[in-house]
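Let me begin by presenting the structure, written as structure tokens, before commenting on it.
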Amino acid sequence: MRSNSAVLSSSQPVDSPDDGLAAERRLREAEDRLREAIEELQRRQHREQGVHPPCDHADESCVANAIGNLCQSFLLSYGVRVGIGILLRAFKLARGKSYSSLLDLKQLVSEKDLIVREEACRIGLLFGGFTGSYHALRCVLRKIRKKETPLNAIFAGSVAGLSILALDDSSRRRTLALYLLARVAQCAYNSAKSKNKFHLWGSHWSHGDSLLFSLACAQVMYAFIMHPESLPKSYQDFIQKTGPVAAPVYKAVKDCCRGSPVDVGALSAYLSQRRVSTTVKLEEFPSIIPCSLIHAGTNSCLAHNANATAATFRKTFPLYFSLTFVPFVVLHLQKFMAAPVRTCWFALTGAVRSTTFLSAFVGLFQAVICLHRKVATRDHKLVYWVAGAASGLSVLLEKKARRSELALYVLPRAGESLWYILVNRHLIPDFKNAEVALFCACMGGIMYYLEHEPDTMAPFLRGLIRRFLASKISSSATSLTNRNASYTYLQALDVVMKKPPPNQKNQDPKTSPREKYNLESIQGL
């Protein structure tokens, strides 16, 4: 009996993973053809009736839909920015051991100490203005053109992108424009790769995102040392406060690498302020700035790097916890109310991991600089490019899904600094308000990929845009994803065919389904 059962079990066919993948691919192809057929049926019906395609907000008017989206996005973005500011203010009070003041609203949310109202309003106008104008333009284009094409999404997204003017800082506008440019390039590349039209060498590497992050960090850290004016002031301050080296020392390093005279007076004042006595002779044209000046007061490079790593963790943990906790609570309030302990634990673990990554970044950067001074007697500006690339490897401490997001976040900073350097060297022209035009063009591309090729977008960006910028799209998309795709297409087909044109209302009700649907006339089915 045992041998017979063994024979029977061995003779049964076993589905291989390749067969499952092939079947899934064929199912997706069939669903794509069915979706295209339904869209073609809808277009034919609209042409026969001479009406524009129906809007997605059947229960309310176009004006009410646009205003509702504007207000919702404004309140969400405003709430996120204010919530982050309040939580950071609470951490600051707790760090000063003023625990009783956490219950005092005057100290916690007063305009004197919490200056976020104007910035929060500008961010709210950016997100809300884009959302409201985008939905309004989509409705107008449907009624004017009497058809729904990708051009509608591109044009509406581009015009609505003028909401970037709500930000009065051109540097911030340029940063956002370059960030979206990187995202559009990512979507275009994923689209071409999925259609087997184009792919980069090495795109299958498992750590390609880490390599991109390292290269972007190399440019950013090089710019921070050698061309600090090429970075936004807020970004300079963040790097300066996060790192352990004082600003006069960084300036001395820059002057030393460029062959310019070092400000000996500023260095002497810095050492006097720190009450540090050093035996190093301060020279106006040194060959290299020694470690005794870079980490004055600590003789050991190893101890200095360890202290810098720990200090970075203490300084940046409140920021990362706020950035993790507040957006999740505001954007997913129902999930937070259902499981508050789980949400807090998720925010805590995510903040610890991200803070560890940033602390390791600072420690590695300082370690490379100290190591160079142990083996070389002359400084060179490329050392800081290499140090930035090496410290970028700390991104391996982050989750795999977060690495590409971090790379695409730092990449615009690197591109912005490179743009500034090339403009100042007169290698490229400087166009006024070029960042506004770039932002508008990128938003047109982003909205096209969101509505017509959403799989090419990163899940994080797709979910963020649907939640913030296109709340009505997110609600419809959520309901679609909760059902089987084929079932959804068949339901849509049934809805289309239940509403025949007016000239067909008096036809024989006993028409066969084959004549009613007439799918053979559609190419691909």
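The values are calculated or read from the model by the stated rules, or taken from the named source; none is laboratory data. As the structure is a computational prediction, the values presented were derived from the model and not from experiment. Methodologically, a virtual Cβ is constructed for each residue, glycine included, from the backbone with ideal geometry; neighbour enumeration extends over all protein chains shown. The accessibility values were calculated without ligands, DNA or RNA, using every heavy atom of the protein model including side chains. Shrake-Rupley method; radii C 1.70, N 1.55, O 1.52, S 1.80 Å.
Net charge in the neighbourhood of Ser234 (other residues with Cβ under 10 Å of its Cβ; Lys, Arg +1, Asp, Glu -1) is 0.
Suppose R0 equals 22 Å. What FRET efficiency, 1/(1 + (r/R0)^6) with r the Cβ-Cβ distance, do Ala310 and Arg274 give to the nearest 0.05? Please list the in-between numbers first.
On the way: r = 19 Å, r/R0 = 0.86.
The computed FRET efficiency comes out at 0.70.
The chymotrypsin sites (Phe, Trp or Tyr not before Pro) of the stretch 297-402 include none that DSSP puts in a loop with a beta carbon having at most 12 other beta carbons within 10 Å.
Strictly over 18 Å apart at the Cα level, which of Lys92/Lys315; Lys147/Lys193; Lys251/Lys381; Lys92/Lys399 would you flag in this model?
Numbers: Lys92/Lys315 10 Å; Lys147/Lys193 29 Å; Lys251/Lys381 13 Å; Lys92/Lys399 28 Å.
The answer is Lys147/Lys193; Lys92/Lys399.
Keeping the other protein chains in place, figure out the carbon and sulfur percent of the accessible area of the stretch 389-449, with a 1.4 Å probe.
Details: 1970 of 2950 Å².
Result for the stretch 389-449: 67 percent of the exposed heavy-atom area is carbon or sulfur.
For the stretch 282-353, with every protein chain kept in place, what is the accessible area per residue (1.4 Å probe, Å²)?
Working: 4030 Å² over 72 residues.
I get 56 Å² per residue for the stretch 282-353.
If each residue of separation counts as 0.36 nm, what is the full-extension length gain between Leu427 and Phe238 once their alpha-carbon separation is subtracted? Don't skip to the answer; put the middle values down first.
Numbers: separation 189, 0.36 × 189 = 68.04 nm, distance 2.91 nm.
Between Leu427 and Phe238, full extension yields 65.1 nm more.
Net charge of the neighbourhood of Leu396, taken over other residues with C-beta under 13 Å away and scored Lys/Arg +1, Asp/Glu -1, is +3. Were the residues from Leu27 through Lys143 laid out at 0.36 nm apart, the gain over their Cα-Cα distance would be 38.3 nm. When only the Cβ of Lys, Arg, Asp and Glu is charged (+1, +1, -1, -1), the dipole of the stretch 218-260 relative to its Cα centre reaches about 40 debye. Report the net charge of residues surrounding Gly243, where surrounding means a beta-carbon distance below 15 angstrom and charges are Lys +1, Arg +1, Asp -1, Glu -1. In short, +4. Applying the Kirkwood pairwise sum to the alpha-carbon positions of the stretch 205-430 produces a hydrodynamic radius of 19.1 angstrom.
Place a +1 charge on the Cβ of each Lys and Arg in the stretch 242-368 and a -1 charge on the Cβ of each Asp and Glu, then give the dipole magnitude about the Cα centre in debye, rounded to the nearest 20. Before the final figure, lay out the partial values.
Values: 11 positive and 4 negative charges, 90 e Å.
Charge dipole of the stretch 242-368: 440 debye, to the nearest 20.
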